[in-house]
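The values are calculated or read from the model by the stated rules, or taken from the named source; none is laboratory data. Given the structure is predicted, the values throughout are model-derived calculations rather than measurements. Glycine also receives a Cβ, built like all others from the backbone with ideal geometry; neighbour counts cover every protein chain displayed.
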Amino acid sequence: MDNINKFQSLIILLMVLIGIILGQINIIQTYSEYLIMPSLIIMLFLVFIQIPLKDITKSFKNIKFTLTAILINFVWTPILIFFLGKFFLQNSPELLIGFIMLMVTPCTDWYLIFTAIAKGNVALGASILPLNFMLQLLLLPVYVFLIGGSSVNIDALSLTQGMVVSLFIPLLLATIFRKITINKKGLSYFEENISPKACDYQGYFLNLAIISMFASQGKVLLKNPQVLLQLLLPVLLFFIINLVIGQVVGRKIKLSKEDNVALNLTTLARNSPIALAIAVSAFPNEPLISLALIIGPLIELPVLFLVSKILLNINYVKQT
């Protein structure tokens, strides 16, 4: 799965092309939309069973790291996204909402791969995962309303229903499944047999959702090719600014090189699958919002790979 994650941006691009090609067949275009939500729900169920929410207290063992990451992710980043969104996407309200949903949700999976590539503290990065996960579930609706509420008509009931269907139901089922399986088989069995398979299969269902999305909405993208260009600059600026912020703050609070790498990547990587699931459910008639969330990783993943190499070289230079 590590190799799959490294090439995820290429895989996503391939799924996009397959979806657009299949979408030229009328019957596939008509019915493919019915596969999107089930695929995302199954994917999130598989993601959630890997997250030990009971371990949320582990992040508080390193208060300096955790507090800094939380402040950057949930205080500074929404402020930055507000200004980037208003400056670059003010005239594209659907893209603005998609941009907000993508950029204010910290990643809960593949950032650990890039932390390992950059030889960062993977265990420390993993310790904050459950806390990041819970905070983004609670705060995402707040950010969408505060930052984007004046730009597009947002139905609070639809957004709430979307989060319940796409997030809380699979989260509840995953929590029950995890607890029952561990009680019957033991934690070691779960981590050695269930978690690796869930990690593999979540990618398959994400790819199925992307194919279905572009099969049903590919013609919208072909009519709006400027979407990628509109998102490119604000997304790149986010990564550049937050990389600098993370480096400066990490040095100011005297984090070790490995811990600073973990801080950088947990404050850079974004959680597009969760945001996409909410968007599909809450904004079914606004395809550009979902398209923004799929296009985002096409920019993000190559950038994260480059950042991990930069961090590795920074560490190497400082050690020599």
Would you please name the residue that is nearest to residue 239 (Cα to Cα), looking only at residues in region 252-307 that are touching a residue at least 12 places away in the same chain (Cβ under 8 Å) and among the charged types (D, E, K, R)? 300
Please determine, by comparing only the residues of region 105-118 that are at pLDDT below 75, part of a loop (DSSP other than H, G, I, E, B) and of a type outside the set (D, E, K, R), which one is nearest to residue 131 (Cα to Cα). 108
All but one of (1) over 22 Å from residue 275 (Cβ atoms); (2) among the β-branched types (Val, Ile, Thr); (3) surrounded by fewer than 18 Cβ atoms within 10 Å (Cβ to Cβ); (4) modelled with pLDDT of 85 or more hold for residue 20; which doesn't? (1)
Let me spell it out: the conditions are (1) surrounded by 13 or more Cβ atoms within 10 Å (Cβ to Cβ); (2) of a type outside the set (Phe, Trp, Tyr); (3) within 18 Å of the chain's Cα centre (by Cα); (4) part of a helix (DSSP H, G or I), and residue 50 meets all of them except one. Which number is the exception? (4)
Conditions: (1) touching a Gly at 6+ places or on another chain (Cβ under 9 Å); (2) surrounded by 24 or more Cβ atoms within 10 Å (Cβ to Cβ). Residue 269 meets all but one. Number of the miss? (1)
Outside any helix (DSSP H, G or I) and modelled with pLDDT under 80: does that describe residue 273? no
Among the residues in region 169-181, are any of a type in the set (Lys, Arg), part of a helix (DSSP H, G or I) and at pLDDT 75 or above? yes
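Condition check ((1) within 21 Å of residue 39 (Cα to Cα); (2) at pLDDT below 85; (3) touching a Leu at 6+ places or on another chain (Cβ under 9 Å); (4) not in a helix (DSSP H, G or I)) across all residues:
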residue	(1), (2), (3), (4)
214	yes, yes, yes, no
217	yes, yes, yes, no
222	no, yes, no, no
229	no, no, no, no
235	no, no, yes, no
239	no, no, yes, no
242	no, no, yes, no
246	no, no, yes, no
249	no, no, yes, no
Any chance region 84-92 includes a residue that's buried (at least 18 other Cβ atoms within 10 Å of the Cβ) and at pLDDT below 85? no
One residue from 285, 260 being surrounded by 21 or more Cβ atoms within 10 Å (Cβ to Cβ) and under 28 Å from residue 137 (Cβ atoms): 260
The residue from 71, 96, 102 that alone is out of contact with any strand residue (DSSP E or B) (no Cβ under 6 Å at 6 or more places or on another chain) and either closer than 17 Å to residue 232 by Cβ or modelled with pLDDT under 90 (or both) is 96
Is one or more of the residues making up region 298-313 part of a helix (DSSP H, G or I) and at pLDDT below 80? yes
Identify, by number, the condition in (1) among the polar types (S, T, N, Q); (2) closer than 14 Å to residue 64 by Cβ; (3) under 16 Å from the mean Cα position of the chain (by Cα) that residue 264 doesn't meet. (2)
